[in-house]
Amino acid sequence: MSSKIVIVLFPLFFSFFLFSQKTTTDSSSYLSLFKQYEIFSNSDRKKGLEVVNEIENLAIKNKSNFFIADAYLKKAILYYFESNVDKSKQYGLKAIIAANESDNKKVLLRAYNLVGAIYYNLADFKKSELYYLKKITLAKQFKDTVSEMATYYNIGLIYFQQGNYLKSADYNFIALDYFKRTKDTFNILSSLQSIGYTYMNLEDVPTSLKFYKEALTLFKHYKDNYQLAGLLIDISTSYKKQKKTDSALYYLDQALKISAKEKDNFHFALATDSKASIYADNKNFEQALLLSKEALKTNQQSQLQIGMCENYGTISNVYTQLKNYDSALVYAKKGYNMSVLFEKATILKDCAKILSTIYEVKKNSDSALKYFKIYSSISDSLKTEGQLRGIAQKEFLYEKQIQESLRAKEKQLSDTKLEKQKQINLIVITASLLLAIFLLISVINFRQKQKANALVLSQKKLLEEKQIEIIASINYASRIQKALLPSNKYINKYIKN
């Protein structure tokens, strides 16, 4: 049995959806109490419950169903972790009523999830599915895809418990794809663990371990001892199926250590029963009975009927091997009747096999044949090759979709880079053309200026030559004039007056 029956609760804490809500009551007076609750809810649940009582009394005094609903929900959560199923269910249902009356959609969404989880752990799968479907409807109304997908995962667990592995896989692969795209670590872990558990129960242990180990790697960056304990138990079960007893006990001991430290009775009982089963396989029947009855006592105190169902199967198996058929018959009938009531296919199969063996020993051939037929029928439905191929095909399609998605993103990125490169090239070419035109214009202007300067120089030289010629002509005429005219000395001598 897997830890999946607890995982269904966790989206309650990790998929908060912020609704736009209105209340006429001044919320400031509640803030300090809410902060106190957050401090004590994990560390000191008794103190946390006292704070919630204060919130409830204040809300009743103010006649505020809005905050009364919140107080009821917080109480339900605290009682849930105290394994007080009756009170947890009582306040969970009261929270739903008060949330509907006050239109507190945030509390209503979480309360549907919690009550669905409670009924799941009580093995009342019809009611569990009913509340999960209500949550999905509300999540769709407010476009809260995370809550919607997390709830698909939860419903997948219900189908799993009923032995409908293909339906379970449908929901889980859809959820896993979404959570990987949104990088939602918690829900990725939940989906990987659930898919791994599906493969394990279809006897494809190597594939189950592949998914489990991928989940375990993520836990290095994600601290959640509650879910980690469940994963360790599942890994242990896979190794047990491979008859690797040392590895199976190693992971179980880790789970027991964590669950004991966290006072996690559910996983502690689950790990204890799993350890009892390993001892039974190794013929240590005294220790196996001791552990399995300890697990049964813990589950009875917590009213976890799925766990009790598993314990009855383990105890009846041990008594059968001890050839104490009367005691084996008592526990096998309890397990069988409970698994019929709650539609728990895997336990029903195991108990039917034990009952067939016991009645055969007791020479009751009709009853032996009856239970053997039931065992064979359930085994065929749970272990068909078609289901295994169907899940393998879904995984292939899922991986193919991932690869196609990656290729599409790479192509889009490549196309974007190419488009940018084209734009850059266009800019470079345009700039080059403009620069070339500018240079051409500059060269033309330079040459024109050179021509103009050469013309000016030529004209200047011509003018200078003309000027020299004129001066030379004037000088020449002057000399002729001086040669033709008498000198002043001659004039003064002969023409005095």
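The values are calculated or read from the model by the stated rules, or taken from the named source; none is laboratory data. Predicted model only: the values in this text are computed from it and were never measured. Backbone-built Cβ (ideal geometry, glycine too); neighbour counts: all protein chains shown. Only protein heavy atoms, including side chains, enter the accessible area calculation; ligands, DNA and RNA are left aside. Shrake-Rupley method; radii C 1.70, N 1.55, O 1.52, S 1.80 Å.
For Lys87, what charge total do you get from the other residues with a beta carbon under 12 Å from its beta carbon, if Lys and Arg give +1 and Asp and Glu give -1? Charge balance in the 12 Å sphere: +1.
Label positions at Leu484 and Lys460, each projected 7 Å from the Cα along the C-beta direction, are separated by 3.9 nm.
For the chain, the 222 nm mean residue ellipticity estimated from helices alone, with every DSSP H stretch of n ≥ 4 adding -39500 (n - 2.57) and the total spread over all residues, rounds to -29000 deg cm²/dmol. Each Lys and Arg adds +1 at its Cβ and each Asp and Glu adds -1 at its Cβ; summed about the Cα centre, region 244-313 shows a dipole of about 100 debye.
Segment Asn475..Glu101, full-extension length gain: 121.7 nm, with 0.36 nm per residue of separation and the alpha-carbon distance subtracted.
Under a model in which nothing but the beta-carbon of Lys, Arg (+1) and Asp, Glu (-1) is charged, the chain shows a dipole of about 3120 debye around its Cα centre.
In the chain, which longest range has no GluC sites (Glu not before Pro) that are both DSSP loop (not H, G, I, E or B) and surrounded by at most 16 other Cβ atoms within 10 Å?
That gives 344-497 as the longest site-free run.
3J(HN,Hα) along region 326-338, derived from phi through the Karplus expression 6.51 cos²θ - 1.76 cosθ + 1.60 where θ = phi - 60°, amounts to 5, 5, 4, 4, 4, 6, 5, 5, 4, x, 5, 4, 5 Hz, with x in place of Gly and Pro. A Stokes-Einstein calculation at 37 °C with viscosity 0.692 mPa s, built on the Kirkwood radius of region 74-182 over Cα pairs, returns a diffusion coefficient of 231 µm²/s. Normalised radius of gyration (Cα atoms, divided by 2.2 N^0.38 Å) for region 91-247: 1.10. Placing unit charges on each Cβ (+1 for Lys and Arg, -1 for Asp and Glu) gives the chain a dipole about its Cα centre, and among Ile55, Ala271, Ser29 the Cα reaching farthest toward its positive end belongs to Ser29.
For Arg479, the accessible surface of its heavy atoms amounts to roughly 140 Å² (probe 1.4 Å, protein chains only, rounded to the nearest 10). Relative intensity of region 152-211 on a log10 scale, I(q)/I(0) at q = 0.15 Å⁻¹, equals -0.38, per a Debye sum over C-alpha point scatterers of equal strength in the absence of solvent. Against the empirical curve 2.2 N^0.38 Å, the C-alpha radius of gyration of the chain lands at a ratio of 1.95.
If one takes the longest principal axis of the Cα atoms in the chain, at what angle in degrees, from 0 to 90 and to the nearest 10, does the Cα axis of helix 265-281 lie? Relative to the chain, helix 265-281 is tipped by roughly 70 degrees.
Once the Cα atoms of helix 65-81 and of the chain are each reduced to a long axis, what angle between those two axes, in degrees from 0 to 90 to the nearest 10, is obtained? Relative to the chain, helix 65-81 is tipped by roughly 60 degrees.
Reported value for region 273-341: 67 Å³ per residue, from the convex hull of its C-alpha atoms. Measuring with a 1.4 angstrom probe and ignoring ligands and nucleic acids, Met338 comes out at about 30 Å² accessible.
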